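In what follows, a single structure is set out as structure tokens and then discussed.
The values are calculated or read from the model by the stated rules, or taken from the named source; none is laboratory data. If you're wondering where the values come from, they're calculated on a predicted model, not measured in any experiment. No Cβ is skipped: glycine too gets one built from the backbone with ideal geometry, and neighbour counts run over all protein chains shown. Surface accessibility is based on the protein's heavy atoms, side chains included, excluding ligands, DNA and RNA. Shrake-Rupley method; radii C 1.70, N 1.55, O 1.52, S 1.80 Å.
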Amino acid sequence: MSTTKMTGANALLEALEKQGVKHVFGILGGAILPVYDALCHHPKIRHILARHEQGAAHAADGYARASGRPGVCFATSGPGATNLVTGIANAYMDSSPVIAITGQVPSAGVNSSYMIGKDAFQEADIIGITTPITKYNHQVRSAAEIPQTVNAAFYIATTGRPGPVLIDVPKNVQSETAEIHFNGPIDIRGYRPPGNPHPLQIRKAAELLLDAERPVILAGGGVITANATDELLTIAELLLAPVATTFMGKGAMPEIHPLSIGNIGMHGNPLANKLLLEADVLLAVGTRFADRATGNLDTFCPEAKKIHVDIDAAEIGKNIEVDVPIVADAKQALIAIYERLIQQAKKKNDTPWLQRVKTAKTQLNPPEKAETTELKPKQLLQVLRKLLPEDAIVTTEVGQNQMWSALYFKALKPRTFISSGGLGTMGFGFPAAIGAKTACPNRHVVDIAGDGSFIMTEQELACSVLEDIPVTVIVLNNGVLGMVAQWQRMFYKKRYMAVKLGKSPDFVKLAEAYGAQGFHVQSTTEFEKAVKAALKNTVTTVIDVPINSEEDVVPMVPPGCGLNQQVGDY
Amino acid sequence: MENQKTIVIAALVENKPGVLHSVANLFRRRNFNIESITVGHTEQKGITRMTITVSGDEKTLEQVTKQMNKLIDVIKVTSLEPENIVTRELALIKVSAPDAKTRSDIINCVEVFRGHIIDVSPETLMTEITGTPDKIEAFLNLMKPYGIMELARTGLTALSRGIKSIKIDE
Ligand SMILES: Cc1ncc(C[n+]2csc(CCOP(=O)(O)OP(=O)(O)O)c2C)c(N)n1
């Protein structure tokens, strides 16, 4: 096999390039200088300078979720690496393929002047710190092992249940020269992603579905990850089964489709929460039955036979008992189920269950009408949907803004609704929008934000303006940390504590200070105008929308209750 | 707690830095209860065997193997069937033995348990004993009245009987 003499830093960039990496988000520092020096010779990789490593990690995550290709971020040792931690944990919880590369203090040097383990300047045990929040991590010990490590990292991050991988590269390894070869085979004997679904389980699943009178499909994030939305729709239409989504599954089913019934969960659509509990057979695909999705498990689909498809065997039986377990990639499993079904199922035009779905829909999801000229989140999000093209990407922050978006902004395509589901990280949406825009430069990207969350990573305005990655931020500005204020209002007898944000900053001036554009709006008409302007803009736009500080997100399943105990109207 | 069981898990893992950390971390993070863990080389180069005794209910124990399987550096995990394995533990026990009568009493016990006296000093005897954890418990109960001055146990290790093995094909 041919080898080339080069430095570890060049080997790293070469290996990334061979993996198809075109963008890297990061911030440099002493322990990663050799890699940044080598970037001068790698014009094909565009480095995007974030203003905080958390922003870099979220941007890489947003890039991955929007494109389905891994997102890459760089940071220096010590504080650079620890600043990535929230972003890595976020990617881990939502199974997003992020590759983080960190510089590390030298592991060897002249006169044995190695520093690892000696509490050197800017040394942090990032391997130890990220062990529980990465799918895999590894500190390389020599330049020669870099290409193999990078290839393994991409393979692990993107196959099976995806997840973040961190590679820690000591500075001396970056600078040392070695004989490097790139095309070694990847063989990780402890890692075998699941193959084809088990035929027996597929047969059982098909039998249950064929006999079902009230089948419901529950689609999780795994359906989107596996690019299996077409297969999902085909089965739903064949069986005339309504499709509910988990929060992470939003976008797996076009939400204007007659069989779409919306998200389940604490702030799910009452239609989904209700019909799910009526199911006699539940086909759950690519979901981990998270607590926020299922509510109290005692009342979760008590009558349904449950089929659970997941690529992660550990998810099966972890939170709920199932009748038919299928460990497989969602796409493979859905194709296999469909092939069994189609041998016996005739395409139906109508069923009593479909009638039930239709009636429930008119009752629980009445058609939209512009009720008021006041700035109400529901209406704003419905207006926004009309203004944005189908393929526009929406990210959200965390809190009420996020739950309103999940409830009222209809996602029409997979990978167009990007939000921090598992970790619930305030400050995710804006850098994730920058990442998504980087991956999809020809599409519009909008971050639906709360004032509290936006402030957490607002410094990335500098990144988006100077790197020319224009996105739109809509701040639903209630002057409070809204979601926690809502909990204090509902569960702590309105004893408000530490939730007031006031009117600072002025988001328009803030945007302008960074060279972005800002609009204050006072009415729905002004909102429409501002959004239209933002979509035409070639610079990042912040739209500040004042809303009532006491607006609740309802409907809601109170904590500890079952999905059948949802209160409030849609 | 009801429905609590104890099982023995054998895992073959890469002999690499950090593997023990990942495994220990997993147990801590997921609230799995380790009773003992032993680690050592195997007949296969580069592969380490961990024998872990865990307790918990059925569901937790199922999660233990599934979650361990997800660790990249863990190559193979098996929950050993209790009726089909041989388990052993080794204990070193230092007992106070100041006079000849005590000494001969202790030596008698050691012989019955097929242990060895491995160190003698004017005031103490050190015993090595190997066996199932039950046997070691029984021996310790016998020694208690004499005064156990120091005790070191290795924790349990185990192999399946007969031809069965968890060896990795190379
Ligand atoms: C980093 C982080 N810190 C704290 C929280 C807890 N938290 C959840 S929602 C919320 C309020 C969010 O406020 P804002 O961004 O203004 O959104 P709103 O709920 O008002 O729409 C807080 C503090 C969190 N989710 N993430």
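Only a single criterion out of (1) of a type in the set (Lys, Arg); (2) within 11 Å of another protein chain (Cβ to nearest Cβ); (3) open to solvent by 60 Å² or more (accessible area, probe 1.4 Å) is not satisfied by A:Arg203, namely (2).
Looking only at residues in the range A:350-408 that are among the aromatic types (Phe, Trp, Tyr) and within 29 Å of the chain's Cα centre (by Cα), which one is farthest from the ligand (Cβ to nearest atom)? Give the derivation first.
Going through the range A:350-408, the residues among the aromatic types (Phe, Trp, Tyr) turn out to be A:353, A:404, A:408.
Adding the requirement that they be within 29 Å of the chain's Cα centre (by Cα) leaves A:404, A:408.
Working: A:Trp404: 7, A:Tyr408: 13 Å.
Filtering the range A:350-408 for residues that are among the aromatic types (Phe, Trp, Tyr) and within 29 Å of the chain's Cα centre (by Cα), the one farthest from the ligand (Cβ to nearest atom) comes out as A:Tyr408.
Looking only at the range A:307-327, residues that are within 14 Å of chain B (Cβ to nearest Cβ) and part of a strand (DSSP E or B) come to 4 in all. Set side by side, the residues B:Ile106, B:Ile118 differ, and just one is surrounded by 18 or more Cβ atoms within 10 Å (Cβ to Cβ) and at pLDDT 95 or above, which is B:Ile106.
Report yes if A:Met6 is in a strand (DSSP E or B), surrounded by fewer than 24 Cβ atoms within 10 Å (Cβ to Cβ) and hydrophobic (A, V, I, L, M, F, W, C), otherwise no. Yes; evaluated as a whole, the condition is true for this residue.
Within the option set B:Ser79, B:Ser160, being closer than 30 Å to A:Ile316 by Cβ, modelled with pLDDT under 95, open to solvent by less than 40 Å² (accessible area, probe 1.4 Å) and of a type outside the set (Phe, Trp, Tyr) holds for one residue only, B:Ser160. The residue that is nearest to the ligand (Cβ to nearest atom), among those in the range A:417-430 that are under 23 Å from A:Gly222 (Cα atoms) and crowded, with 24+ Cβ neighbours inside 10 Å, is A:Thr425. For the range A:289-306, check the following and say yes or no: at least one residue is in contact (Cβ under 8 Å) with a residue 12 or more places away in the chain, away from chain B (no Cβ under 13 Å), surrounded by 20 or more Cβ atoms within 10 Å (Cβ to Cβ) and closer than 21 Å to A:Arg192 by Cα. For the range A:289-306, residues in contact (Cβ under 8 Å) with a residue 12 or more places away in the chain, away from chain B (no Cβ under 13 Å), surrounded by 20 or more Cβ atoms within 10 Å (Cβ to Cβ) and closer than 21 Å to A:Arg192 by Cα: absent.
Based on this model, can you work out whether A:Asn183 counts as of a type in the set (S, T, N, Q) and more than 10 Å from chain B (Cβ to nearest Cβ)? Talk me through it step by step, then tell me what you get.
On the way: of a type in the set (S, T, N, Q): yes; more than 10 Å from chain B (Cβ to nearest Cβ): yes.
So A:Asn183 fits the description; yes.
For the structure I just gave you, tell me whether A:Thr86 is assigned to a strand (DSSP E or B), crowded, with 18+ Cβ neighbours inside 10 Å and among the polar types (S, T, N, Q). Against the criterion (assigned to a strand (DSSP E or B), crowded, with 18+ Cβ neighbours inside 10 Å and among the polar types (S, T, N, Q)), A:Thr86 does not qualify.
Against the conditions (1) more than 16 Å from the ligand (Cβ to nearest atom); (2) open to solvent by 50 Å² or more (accessible area, probe 1.4 Å); (3) within 14 Å of another protein chain (Cβ to nearest Cβ), A:Met93 satisfies every one except (1).
Looking at the range B:22-46 only, could you name the residues that are within 9 Å of chain A (Cβ to nearest Cβ) and surrounded by 15 or more Cβ atoms within 10 Å (Cβ to Cβ)?
Correct list: B:Ser22, B:Asn25, B:Leu26.
Applying a threshold of 6 Å to beta carbon distances and a minimum spacing of six or more residues, or different chains, the list of pairs starting in the range A:488-503 at a residue that is over 13 Å from A:Glu550 (Cα atoms) and away from every other protein chain (no Cβ under 14 Å) and ending at one that is open to solvent by 80 Å² or more (accessible area, probe 1.4 Å) and within 12 Å of the ligand (Cβ to nearest atom) is empty. Among the residues of the range A:256-292, those identified as among the hydrophobic types (A, V, I, L, M, F, W, C), in contact with a strand residue (DSSP E or B) (Cβ under 6 Å, 6 or more places away or on another chain) and farther than 19 Å from A:Val324 by Cα are A:Leu259, A:Ile261, A:Ile264, A:Leu271, A:Ala272, A:Leu275. Counting only residues that are farther than 22 Å from A:Ala64 by Cβ, open to solvent by less than 40 Å² (accessible area, probe 1.4 Å) and in a helix (DSSP H, G or I), the range A:11-38 holds 6 of them. Filtering A:Gly20, A:Gly78 for residues that are in contact with an Asp or Glu (Cβ under 7 Å, 6 or more places away or on another chain) and on the phi > 0 side of the Ramachandran plot leaves a single hit, A:Gly78.
Residue count for the range B:49-82 under the criterion of being more than 17 Å from the chain's Cα centre (by Cα) and away from chain A (no Cβ under 14 Å): the result is 0. Taken over the range B:139-152, residues that are open to solvent by 40 Å² or more (accessible area, probe 1.4 Å) and either within 19 Å of B:Arg88 (Cα to Cα) or part of a helix (DSSP H, G or I) (or both) amount to 7.
Being surrounded by 13 or more Cβ atoms within 10 Å (Cβ to Cβ), within 15 Å of the chain's Cα centre (by Cα) and outside any helix (DSSP H, G or I) is a property that B:Thr87 has.
Of all helices (runs of 4 or more DSSP H) completely enclosed by the range A:120-232, which ones contain at least 3 residues that are assigned by TED's automatic domain parsing to the domain that holds A:Lys331? Steps first, please.
Numbers: elements: A:126-130, A:146-158, A:171-175, A:199-211, A:221-225.
Once the helices (runs of 4 or more DSSP H) in the range A:120-232 are filtered for at least 3 residues that are assigned by TED's automatic domain parsing to the domain that holds A:Lys331, what remains is A:199-211, A:221-225.
Pairs are defined by a Cβ separation below 7 Å, a sequence spacing of at least 6 or placement on different chains, a first member in the range A:20-44 that is farther than 16 Å from A:Asp61 by Cα, and a second member that is of a type in the set (Gly, Ala, Ser) and surrounded by fewer than 19 Cβ atoms within 10 Å (Cβ to Cβ); the pairs so defined are A:Pro34/A:Ser175.
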